[in-house]
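**Student:** I have a structure I would like to understand better, so I am pasting it below and will then ask my questions one at a time.
The values are calculated or read from the model by the stated rules, or taken from the named source; none is laboratory data. Values in this document were obtained by computation on a predicted structure and should not be read as measured data. Please note: Cβ atoms are built from the backbone with ideal geometry, for glycine as well, and neighbour counts cover all protein chains shown.
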Amino acid sequence: MPTVRPLVIAHRGASGHRPEHTLAAYTLAVEMGADFIEPDLVSTKDGVLVARHENEIGGTTDVADKFPARRTTKVVDGDTMRGWFTEDFTLAELRTLRAKERLPFRSHTYDGQFAIPTFDEVLALADSLGRARGRVVGVYPETKHPTYHRAIGLPLEPALLASLRARGLDRANAPVFIQSFEDGNLRALRPQTKVPLIYLLSGGPMTADKLRDIATFANGIGANTRMLVGGDSAAVPTTLVRDAHAAGLQVHAWTLRSEAVFLPKRYGGDPLAEVRELASLGVDGIFGDFPDVVVRGLKR
């Protein structure tokens with residue numbers, strides 16, 4: 001496990017520079033100094049875990065061009081979605097697709113160049129990159145919509161744990177965090193693995209009792225930056241980092257993005273100021289689309 005704090009966590013790889021969740025994005029992130037690369041995990045029809053931010057892949061691949069007839073409508077965690085879903089494709093079919101940039105204002109230079117990687121390929125890449133650089137490269141998988149996947153007969157957890165165990169990574173000091181927005185998912189995982197678990201939070205009040213409860217099944221929280229510091233110019237830091245640490249929880253902040261559309265006004269257009277403020281609050285990790293910016297802000 002990398003020991004430098006705060007950890008630099010490459011959100012979907014260096015996703016500000018390359019199409020997200022591709023081996024190219026992960027490789028660039030490590031070259032930029034990231035301690036961890038983050039694959040979001042969804043399942044194929046034949047039960048293979050692949051790295052995509054969502055199981056709907058119409059916005060991040062060329063699936064609409066290659067499989068136009070596969071478009072369908074589904075309800076995922078209460079949201080009605082129309083598109084193309086990984087669970088309707090075998091791995092062999094997904095291998096024919098190529099990734100593209102999701103956001104219109106980011107570079108599309110690399111659209112169509114990179115394949116969708118499996119989780120096993122991401123683990124192998126992290127090991128290879130770490131060996132080549134003489135340092136540990138961690139992997140920070142997120143289980144996406146675990147309740148939904150279980151309901152359709154494609155549970156994520158068994159395949160995730162099997163892949164970690166095959167590489168000797170199911171241990172407390174492994175360079176791995178498992179994250180989820182679903183506490184039921186993490187509560188079920190807790191007795192099955194020694195890997196640190198992170199409960200993702202997008203908002204809402206966090207009382208001392210709530211944090212103590214989280215500490216019964218997780219090792220830390222992944223907190224939206226707005227829970228740590230508000231987005232407007234007059235906002236002041238909250239006590240969440242201090243309170244979570246008092247409950248024995250790590251705090252990883254998500255997600256830093258350098259573009260003006262994302263950057264809170266309080267930082268005056270300087271993404272390095274956001275990095276410095278979060279570091280000053282004592283966070284244990286920082287997620288960023290631009291890991292090079294996070295590294296510079298930490299003066300690594």
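**Student:** Across segment 92-137, what is the total count of residues that are over 15 Å from Leu169 (Cβ atoms), assigned to a helix (DSSP H, G or I) and either modelled with pLDDT under 95 or not hydrophobic (A, V, I, L, M, F, W, C) (or both)?
**Tutor:** Residues meeting the conditions: 2.
**Student:** So which of Asp77, Asp40, Asp62, Asp35 is of a type in the set (Asp, Glu) and over 21 Å from the mean Cα position of the chain (by Cα)?
**Tutor:** Asp62
**Student:** Follow-up question, since we're still on this one. When the residues of segment 244-300 are narrowed to those that are acidic (Asp, Glu) and under 11 Å from Leu228 (Cβ atoms), which ends up surrounded by the fewest Cβ atoms within 10 Å (Cβ to Cβ)?
**Tutor:** Step by step, filter segment 244-300, then rank; the result is Glu277.
**Student:** Within segment 227-238, can one find any residue that is of a type in the set (Ser, Thr, Tyr) and under 23 Å from Ala34 (Cα atoms)?
**Tutor:** Looking for residues that are of a type in the set (Ser, Thr, Tyr) and under 23 Å from Ala34 (Cα atoms), one finds none in segment 227-238, hence no.
**Student:** Select, from Thr3, Thr27, the only residue that is surrounded by fewer than 24 Cβ atoms within 10 Å (Cβ to Cβ) and at pLDDT below 95.
**Tutor:** Thr3
**Student:** Take Ala99 and tell me if it is over 22 Å from Leu164 (Cα atoms), touching a Leu at 6+ places or on another chain (Cβ under 7 Å) and in contact (Cβ under 8 Å) with a residue 12 or more places away in the chain.
**Tutor:** Considered against the rule, which asks whether it is over 22 Å from Leu164 (Cα atoms), touching a Leu at 6+ places or on another chain (Cβ under 7 Å) and in contact (Cβ under 8 Å) with a residue 12 or more places away in the chain, Ala99 comes out as no.
Results for (1) on the phi > 0 side of the Ramachandran plot; (2) of a type outside the set (Val, Ile, Thr); (3) assigned to a loop (DSSP other than H, G, I, E, B), shown as yes or no for each residue.
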residue	(1), (2), (3)
Asp232	no, yes, yes
Gly248	yes, yes, yes
Trp254	no, yes, no
Val261	no, no, yes
Ala273	no, yes, no
